[in-house]
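Remarks on the structure that follows.
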Amino acid sequence: MAEEKFDAIVVGAGLAGTASAIAMARKGLQVLVVEKGKTPGSKNVTGGRMYSHALAKLIPSFWEEAPIERWVTKEVITMISGDDALDVQFDAPSMAGERVSFNVLRAKFDPWFAQQAEKAGALVACDTRVDAIWVENGKVKGIVTGTDKFAADCVVLSEGANTLLAEKAGMKGPPNPETLAVGVKEVIALPQETINERFGLKDDEGSAHVIMGSFTRGVEGGGFLYTNKDSVSFGLVIPLAAGIHGKQNVYDLIEDLRTHPHMQKLLKGGEVREYSAHMVPERGWQAVPESLVRDGAVLAGDAAGLVLNTGLTFRGMDLAIESGRLAGEAIVEAKAAGDFGAEQLRSYERAMDDSFVMKDLKKFKNASAVIGNPRMFTTYPEMVMDILHQLYDIRGEQQRPSKVVERTVRKHVKLTTLAKDAMMGRRGM
Ligand SMILES: Cc1cc2nc3c(=O)[nH]c(=O)nc-3n(C[C@H](O)[C@H](O)[C@H](O)COP(=O)(O)OP(=O)(O)OC[C@H]3O[C@@H](n4cnc5c(N)ncnc54)[C@H](O)[C@@H]3O)c2cc1C
């Protein structure tokens with residue numbers, strides 16, 4: 001039996017759900033957020049770098065109180081082949097002052113973010129799983145949790161990558177292993193001074209690392225490392241299909257990466273404090289459902305497939321926050337119009353089309369073909385290391401760099417293949 005009717009019920013106190021709750025509660029809507037974790041963030045896994053812009057639209061001076069680990073001032077791309085490694089490093093201390101992006105631990109960040117929703121007037125109920133979406137006569141009427149039903153004019157489905165409820169509500173098709181990836185992450189404790197020294201950072205400066213190469217044993221995927229205050233978040237992401245088809249076990253791959261001599265220089269002596277695994281909708285534009293709305297419900301964040309991996313950057317958190325805010329604003333408009341039907345809620349889809357979220361997903365819609373090219377993980381790292389060995393391993397007469405490059409490229413890859421990959425790269429990036 002329905003006990004109380006809310007203007008909106010939000011499923012999941014992740015980034016998308018909480019952002020929508022803040023937007024709605026601030027405009028006086030009665031909002032209930034239902035979260036299955038004991039606390040917000042307790043079930044959430046992220047690599048660890050959030051771009052600030054979407055959060056700043058919602059909470060302009062968020063840095064004054066948000067639990068930020070470090071401001072990213074250093075970007076590192078690491079290529080690994082065998083025992084060899086090449087770091088390309090971009091050091092930009094000014095990015096700290098400009099507050100472009102920061103490293104974050106969700107177990108700390110999400111409770112703070114949920115408090116902002118509570119301060120705005122939303123009710124956040126943790127340790128409560130939504131078991132089903134309550135649908136009557138083709139309209140979403142609320143949620144079902146245990147034996148209770150809670151009624152709402154609109155439900156925000158922001159349950160993350162595991163879209164059981166959205167599928168049941170007919171807003172998403174069944175999970176497709178080809179569009180999903182699995183990420184594993186370790187939080188490794190290291191003293192603050194050790195992190196500063198090893199990574200070349202000052203106290204509030206942080207680094208963000210993407211790692212690619214032979215450690216994935218030919219599987220498309222990559223590693224990441226983000227520096228926190230007194231720990232590092234370290235892990236990797238590979239396609240779910242690679243695990244399912246028995247190609248590789250993600251746990252073996254992370255072990256290989258952690259014990260690689262180059263990574264050991266950064267991680268040695270660290271103590272694994274947490275271990276977690278989670279799915280990621282990784283195919284960008286291809287993973288976004290045709291519609292984000294139906295009568296009485298909207299989809300936001302990972303539940304809508306809003307993650308963008310370009311190989312250089314990995315973004316889901318800013319997309320989740322922006323989509324949550326825009327979903328919340330559309331529901332506020334629907335409340336003013338007294339109409340929560342799909343046609344009215346399409347203002348959310350229009351706002352999304354105009355936002356950086358859909359623009360970026362569309363712009364990089366071919367990126368997955370580039371980062372899914374197996375040569376990126378085997379042939380090219382091997383070729384680069386071979387070139388560098390020949391350039392720097394001088395034991396007498398020195399070779400001309402142009403000749404080394406030409407000869408070694410031909411040794412590793414056919415020129416027609418190289419041209420094809422370059423074309424694909426141009427289209428994807
Ligand atoms: C390994 C890994 C690394 C990543 N690295 C980055 C990165 O560095 N930068 C970046 O921007 N993005 C990164 N991402 C992606 C990013 O974490 C997600 O895009 C983002 O968390 C999505 O937010 P969300 O609110 O949509 O979902 P989530 O954060 O997953 O929140 C969903 C919430 O819903 C709750 N929930 C689910 N089902 C129910 C239910 N039935 N009842 C009640 N509650 C429910 C969950 O407990 C959870 O709290 C990474 C992801 C992974 C897995």
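Among the residues of the stretch 187-194, at least one is out of contact with any Ser or Thr (no Cβ under 9 Å at 6 or more places or on another chain) and either open to solvent by less than 50 Å² (accessible area, probe 1.4 Å) or not in a helix (DSSP H, G or I) (or both). In this structure, residue 413 does not satisfy being open to solvent by 40 Å² or more (accessible area, probe 1.4 Å), among the β-branched types (Val, Ile, Thr) and not assigned by TED's automatic domain parsing to the domain that holds residue 216.
Within the set 131, 127, the sole residue that is without any contact (Cβ under 8 Å) to a residue 24 or more places away in the chain, within 11 Å of the ligand (Cβ to nearest atom) and either not assigned by TED's automatic domain parsing to the domain that holds residue 63 or not β-branched (Val, Ile, Thr) (or both) turns out to be 131.
Total residues in the stretch 39-68 satisfying the condition of being in a loop (DSSP other than H, G, I, E, B), more than 10 Å from the ligand (Cβ to nearest atom) and either open to solvent by 10 Å² or more (accessible area, probe 1.4 Å) or among the aliphatic types (A, V, I, L, M) (or both): the figure is 7.
Meeting the requirement of 3 or more residues that are outside the structural domain of residue 28 (by TED's automatic domain parsing) and more than 23 Å from residue 351 (Cα to Cα), the strands (runs of 3 or more DSSP E) wholly within the stretch 227-332 are 231-239, 271-281.
Condition check ((1) among the small types (Gly, Ala, Ser); (2) crowded, with 16+ Cβ neighbours inside 10 Å) across all residues:
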residue: 84; (1), (2): no, yes
residue: 89; (1), (2): no, no
residue: 113; (1), (2): no, yes
residue: 119; (1), (2): no, no
residue: 122; (1), (2): yes, yes
residue: 127; (1), (2): no, no
residue: 135; (1), (2): no, yes
residue: 140; (1), (2): no, yes
residue: 148; (1), (2): no, no
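Residues that are of a type in the set (Ser, Thr, Tyr) and either at pLDDT 90 or above or part of a helix (DSSP H, G or I) (or both) within the stretch 373-411 comprise 379, 380, 392, 402, 408, listed in sequence order.
A residue that is at pLDDT below 95 and β-branched (Val, Ile, Thr) cannot be found anywhere in the stretch 54-74. Annotation note: Cβ proximity below 7 Å between a residue of the stretch 357-375 that is β-branched (Val, Ile, Thr) and a residue that is in a helix (DSSP H, G or I) (sequence gap 6+ or interchain) occurs for 357/319; 357/322; 357/323; 370/424; 370/425; 370/428. When the residues of the stretch 202-222 are filtered to those that are closer than 16 Å to residue 49 by Cα and touching a Ser or Thr at 6+ places or on another chain (Cβ under 8 Å), the one that is surrounded by the fewest Cβ atoms within 10 Å (Cβ to Cβ) is 205.
The C-beta contact set for the stretch 83-106 (first residue within 24 Å of residue 378 (Cβ to Cβ), second residue outside any strand (DSSP E or B) and open to solvent by less than 20 Å² (accessible area, probe 1.4 Å), distance under 9 angstrom, 6+ apart or interchain) comprises 83/260; 84/381; 84/385; 85/260; 85/263; 85/385; 86/381; 86/385.
The values are calculated or read from the model by the stated rules, or taken from the named source; none is laboratory data. Please read all numbers here as calculations on a predicted model, not as lab measurements. Every residue, glycine as well, gets a Cβ built from its backbone with ideal geometry; the counts of neighbours run over all protein chains shown. To get the accessible areas, we keep the full protein, side chains included, count just its heavy atoms, and leave off ligands, DNA and RNA. Shrake-Rupley method; radii C 1.70, N 1.55, O 1.52, S 1.80 Å.
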